[in-house]
Every structure is written in structure tokens, then in C-alpha cells.
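Working notes, beginning with the structure itself.
The values are calculated or read from the model by the stated rules, or taken from the named source; none is laboratory data. Everything numeric here is computed off the predicted structure, so don't read it as measured data. Because the Cβ atoms are built from the backbone with ideal geometry, glycine has one as well, and the counts that use them run over all protein chains shown. Heads up: the accessible areas ignore ligands, DNA and RNA and are worked out on the full protein's heavy atoms, side chains in. Shrake-Rupley method; radii C 1.70, N 1.55, O 1.52, S 1.80 Å.
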There are 2 protein chains.
Amino acid sequence: MNAALSDDSDRPIGVFDSGMGGLTVLSALMARLPHEDMLYLGDTARLPYGTKSRRTVARYALQAAEKLVSMRVKALVIACNTATAAALDEVRAAWPQLSVLGVVEPGAAAACAATRNNRIAVIATESTIRGGAYQRAIQAIRPDSSVIGQSCSLFVPLAEEGWMDGPIVEAVAKRYLEPLFMSGASGGQSGAADGQPDAPNKPDIPQPDCLVLGCTHFPTLTATIAKVLGDLSVGQVTIVDSAATTAQAVKNKLRELDLLNRQSQPGQARFMTTDDEARFARIGSLFLGRQLEAGQVELVNL
Amino acid sequence: MNAALSDDSDRPIGVFDSGMGGLTVLSALMARLPHEDMLYLGDTARLPYGTKSRRTVARYALQAAEKLVSMRVKALVIACNTATAAALDEVRAAWPQLSVLGVVEPGAAAACAATRNNRIAVIATESTIRGGAYQRAIQAIRPDSSVIGQSCSLFVPLAEEGWMDGPIVEAVAKRYLEPLFMSGASGGQSGAADGQPDAPNKPDIPQPDCLVLGCTHFPTLTATIAKVLGDLSVGQVTIVDSAATTAQAVKNKLRELDLLNRQSQPGQARFMTTDDEARFARIGSLFLGRQLEAGQVELVNL
């Protein structure tokens, strides 16, 4: 039994995403779990997931999960908000013995820990916002909270183009964020402040004090988002990204199952993509925060 | 023999694209060939093609073509520059008896007809620019021409977000177009004008006088592109999009093969997508130029 457990603890953690965005989660996992081996799979042949239907994303996510399960992972991390929202339950149902963690629940928990006024704003892809996964996850923890969401479809291609700051990204961020914080100030309904025309700066209902980055691409835009929030003259807003809390949740789960790797040397990461290793390495470097070379990336078919 | 020909002429024209952009080509086909029935297939489950590898795009294009061939089309139009560049030869090889037309050759022909100074700029997706298909097609017609290309990855998501004018799109367009026309003015190499510092406005080598919209999404941004060219104070630039010339090329080919439909009533268009009929209808309306309802769109699997 001990020998079997020891074998299991040596197995890698599987991480998948539609493409490169999940590398922000992998980076947090590597920092928090430096002795674990990691298998990362980015489904770049079919990215992005965020503009596609729940049904299609779930089908893709199950295929990615199956690939990693066939490589004998000891736990599976869905490092993509869209895929978590669309397919976490289905992936768990397909492999009930395996620990499967998504990024939505840790992100929701972090937001609930950060907010002081119970008003939380979420920015994510079109699919994640439409499905309401964050709203449900946050209100499961804090039923009295108010959650407003905004899809930011252009943030993903902007991040992938490497345009992470400067006037264009700021203008895009302002266009997406302004209504969130304006509608927060007016109670979530446009025109709700009409009854108090003399006090536009003293709304009865406070603005959100917490902004969840509900897409793994968005942390690369944090500096710009923070700057725009400052320009919008909103109060103190805590920006929450789920990478660090997801990594902690994975660590807790592995410890609970006695599956933490006992090796003393640093863990190894192995990178797989379904299309174009060179592009994965080039753009992936932006998200991973260190240089990746095309030679380190394997092409796989799902 | 005549009966068989008559049967063949009744068959529909098949048109495919990675998603909704090809509807700009379909619209031109419907205008030029009002008595033809059309089958349109948008592979939205895997869009965009423009950031993916040639090999992957070719695989997807062959699957889309196979679907339409199985529906007995009399001709096939690849209404996507990326897929044309990646897969025209392979699709023709797979169905040698079928007329298969892409959008690159008609676009190149239109550019060669429009330019007066033989300097042509092409904007397209990352994949199309990297593959150099326009450069080859233009120089096959005009070997003495000079072609410069620029990938404009953000134009597709901007068009799909419905942001087709206004300061953000203008700023993005300026960022992409400025180097094209500046490098044109300095002979294609930055710093080449250093030898003539007193005459920055009188370069020896003229700027491009023709801009090819080498992606079917881009015609929706024509007004913004034209405005930015004006702001850049470049000379008269003809903007070429391949939709109309592709439609004419299809008409010529059908006439040559005696395959023009002889019915007197208007042709019917049928729309198929691989994901999310509602999103296809909503965004597709922008490209088709008339309202599409989700109920008019069928979901198919490739």
C-alpha cells in the first residue's frame, strides 16, 4: 500500500487549457509545488474556447482530459475558466477516482475573501460570462453578494498579440470596465441613479471593490487594468486572479490524499500543443514568464 | 448528355470559411449570381484559422470541402484567404473534376489591375502573410511588382466584436498601416531614407498605391481603413477586396462549363455552422449585410 502510494505520488500533475493562457496557472503551480512534475497541454488547434458553445467546449475539454489521463496523471487541473465553466462536472464524472480541479471555484473563493462590501465584478470570456459560472460559485459562498459580469472578448487576442500596455489596450480596457463600475455605482441598472441627480458622486449603492480576472489570459494585462481603474476614479479595487489560489487548492488536495511528490530535486514540466510548436513557444513565453523554445514543445493530436 | 448537364447546373455552389467572414464573399456571389443556390459552411467550432499552422488549416479545409462535396455541389469556393493559401492545391488535388476557386488569385488580379506604380500592400491574417501566398500570386501576374505585407491579427476579433469604427479601431488600424506606408516610402527598409534627411516628403521610392484586404473579415472595416489612410497623409490608395472579383471569377467559370443555373426564380442560400447557431446568425448578419436568424442556421459536424 505504501509502495503503491509512493508510486502514485511520483506521477505528474496534468494541466490543460485551450492554448497558452493556462501557462499563468502552470507558473503558479510550479512556484507553489516546485517538486512536482507537470504535463501541460494547450489545445491551440482549436483555440479560443471563449467564443464557442458550452457543448463544443465540453467535448474539447473531455478529449484533452483523456489525453492527460492516458499519461497517468495523479491530478488534473483545468487551467481555463471557459473549460472549467463548461466541463468541470463532466470531466469529474468521466474519471470519478481522479482529483479534478478547475479555476472558477478558487477564483470565487479568493474574491469572497477579498471583498469588503460584497459587490464583486467579474471579467471573462463571452462563454464564461454567458454561462454564469462565477456568479453561481461566488453566491454559493456568499449568498448575499452582488456579482456583475462583463465579457472582454478582445483581451485574449490583445494579450496574444503581445499588446499588454499602451493607449490602445487602455482604451479597450476602459470601454469594458467603465460600465461595470458605473453600473455598480448605480445599482446594476442603467438609469437607476436618475432619482438622485444631485449626488452623482455619492451613490447609495457602492461600486464593486473586487475585480475577478476570470480568464487565464487576463493576468498579463493586470497593470493596464489597474491603471484604468485609477483613471476611472473608482475606490480601492482588489484585483483577484485565480492562479495562486488554484495552485494552493491543488497543493491542499494532494496533501490531503498523501500524493505530494517526495522527490528532492526540482520537478520537470513537459509542454504539449495541438498546433504550431513555434507559436506556442513564442506566445507561451509571455504567459509563463520565462523563455520557452519551440524544441521544448511537443505536437500531439487529440 | 444535355439532360445530365441540365441536372448539374441545378446543383448548388458550395462556399466555406472558418466562420462568418466568408459571408462577405457569399454576399458578392449572391449579387452576381442571383439564380444560383448556395450552401455556406462556417467552421466556427475551430475558428479562427488565421493564427494556426498551414498543416492544421489544410486538414480543416479538406474536411469542410468533403462535407460540401458530399452534398453534390457543382463548384466550390474557398471564401477564406487563410484556407485558400493553405489548402487550395490540396482541395483541387482531392477533387480534380470539381471547379475549386479561392479568393487569393482574384484578389491578386484585382490588385494588379488597380495599381499604377506596381507597389502593392497586403493586409491579412498572420498565417496568410507568413505563407506569402499573395506575394506569389501578385508576382505571377506582375513579376516587376513590389509587395509588402502586414498581419493584422486584431482586425478579426474587432470585426467579430462589432467594433468597426471609432477611436479604438482607428488606433489599431493606424498601428498596423503606418509601417506599411512608411516602409513603402523608404523603400521597404527602415532607415533607408537616412540619406535624404531634407526631403522626407519626397521619397525616391513611392508608397504603395493599392491596399489588398487579404482577409474576408476586413471589408467590414473599410471605412475605418480609408479614414486612417487619409490621416496618414498618404496619396491616393485603392482598397481592393477580393469578394467581387471572386464572384466574377466563379461566374466566368460556370459559364465556361455551361453550369449556370437556368432557373428563373431567385436562388436559395442555406447556412451551416459547426458551432453555436445563434452566434453565427448574430455576427454573420454583420458580414452578410442582412439579418440572419438562428433558426435559418443548421448545426453540422465535420
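Are any residues in segment A:116-167 more than 21 Å from residue A:47 (Cβ to Cβ), open to solvent by less than 10 Å² (accessible area, probe 1.4 Å) and touching a Pro at 6+ places or on another chain (Cβ under 8 Å), and if so, which ones?
A:120, A:121, listed by residue number.
Kindly indicate the residue of segment A:36-61 that is of a type in the set (Gly, Ala, Ser) and touching a residue at least 60 places away in the same chain (Cβ under 8 Å) and also surrounded by the fewest Cβ atoms within 10 Å (Cβ to Cβ) among those meeting that condition.
Filtering segment A:36-61 for residues that are of a type in the set (Gly, Ala, Ser) and touching a residue at least 60 places away in the same chain (Cβ under 8 Å), the one surrounded by the fewest Cβ atoms within 10 Å (Cβ to Cβ) comes out as A:53.
Please give the number of the condition residue A:291 fails out of (1) open to solvent by 30 Å² or more (accessible area, probe 1.4 Å); (2) closer than 22 Å to residue A:103 by Cα; (3) touching a Ser or Thr at 6+ places or on another chain (Cβ under 7 Å); (4) not basic (Lys, Arg).
The single condition residue A:291 does not satisfy is (2).
Hey, can you tell me all the residues within segment B:30-50 that are within 12 Å of chain A (Cβ to nearest Cβ) and either among the small types (Gly, Ala, Ser) or more than 23 Å from residue B:301 (Cβ to Cβ) (or both)?
Correct list: B:45, B:50.
Residues of segment A:10-35 being part of a helix (DSSP H, G or I) and open to solvent by less than 10 Å² (accessible area, probe 1.4 Å), which ones?
Correct list: A:23, A:25, A:26, A:29.
For segment A:204-258, how many residues are in contact with a Ser or Thr (Cβ under 6 Å, 6 or more places away or on another chain) and farther than 27 Å from residue A:130 by Cα?
Of the residues in that region, 1 qualify.
Report the residue count in segment A:150-169 for those that are in contact with a Gly (Cβ under 9 Å, 6 or more places away or on another chain) and among the β-branched types (Val, Ile, Thr).
1
Scan (1) more than 24 Å from residue B:276 (Cα to Cα); (2) touching a residue at least 12 places away in the same chain (Cβ under 8 Å); (3) surrounded by fewer than 24 Cβ atoms within 10 Å (Cβ to Cβ) for the single condition residue B:7 breaks and write down its number.
Unmet condition: (2).
So, in segment A:225-266, exactly how many residues are exposed (fewer than 15 other Cβ atoms within 10 Å of the Cβ), under 20 Å from the mean Cα position of the chain (by Cα) and closer than 16 Å to residue A:177 by Cα?
1
Could you tell me how many of the residues in segment B:255-280 are within 13 Å of chain A (Cβ to nearest Cβ) and free of Cβ contacts under 8 Å to residues at least 24 places away in the same chain?
The total comes to 2.
If I ask for residues that are farther than 21 Å from residue A:290 by Cβ and open to solvent by 10 Å² or more (accessible area, probe 1.4 Å), which ones from segment A:267-277 would you list? Walk me through it before giving the result.
Taking segment A:267-277 and keeping what is farther than 21 Å from residue A:290 by Cβ, we get A:274-275.
A:274, the sole residue that qualifies.
Could you tell me whether any residue of segment A:62-71 is touching a Pro at 6+ places or on another chain (Cβ under 6 Å), crowded, with 22+ Cβ neighbours inside 10 Å and within 25 Å of residue A:136 (Cα to Cα)?
Within segment A:62-71 (the criterion being touching a Pro at 6+ places or on another chain (Cβ under 6 Å), crowded, with 22+ Cβ neighbours inside 10 Å and within 25 Å of residue A:136 (Cα to Cα)), the answer is no, since none of the residues qualifies.
Condition check: of a type in the set (Gly, Ala, Ser), surrounded by 14 or more Cβ atoms within 10 Å (Cβ to Cβ) and modelled with pLDDT under 75. Does residue A:195 satisfy that? Talk me through it step by step, then tell me what you get.
Working: of a type in the set (Gly, Ala, Ser): yes; surrounded by 14 or more Cβ atoms within 10 Å (Cβ to Cβ): no; modelled with pLDDT under 75: yes.
Answer is no for this residue.
On the basis of being free of Cβ contacts under 8 Å to residues at least 24 places away in the same chain, open to solvent by 10 Å² or more (accessible area, probe 1.4 Å), among the aliphatic types (A, V, I, L, M) and over 22 Å from residue B:44 (Cβ atoms), does residue B:93 make the cut?
The answer is yes for residue B:93.
Could we say that residue A:69 is in a loop (DSSP other than H, G, I, E, B) and over 14 Å from the mean Cα position of the chain (by Cα) here?
Judged against the criteria, residue A:69 is not a match.
Restricting attention to segment A:127-172, which residues are within 14 Å of chain B (Cβ to nearest Cβ) and more than 18 Å from the chain's Cα centre (by Cα)?
Selection gives A:161, A:162, A:163, A:165, A:166, A:167, A:168, A:169, A:170, A:171, A:172.
May I ask you to verify whether residue A:118 is at pLDDT 95 or above and in contact with an Asp or Glu (Cβ under 7 Å, 6 or more places away or on another chain)? Give the derivation first.
Details: at pLDDT 95 or above: yes; in contact with an Asp or Glu (Cβ under 7 Å, 6 or more places away or on another chain): yes.
So residue A:118 passes the test.
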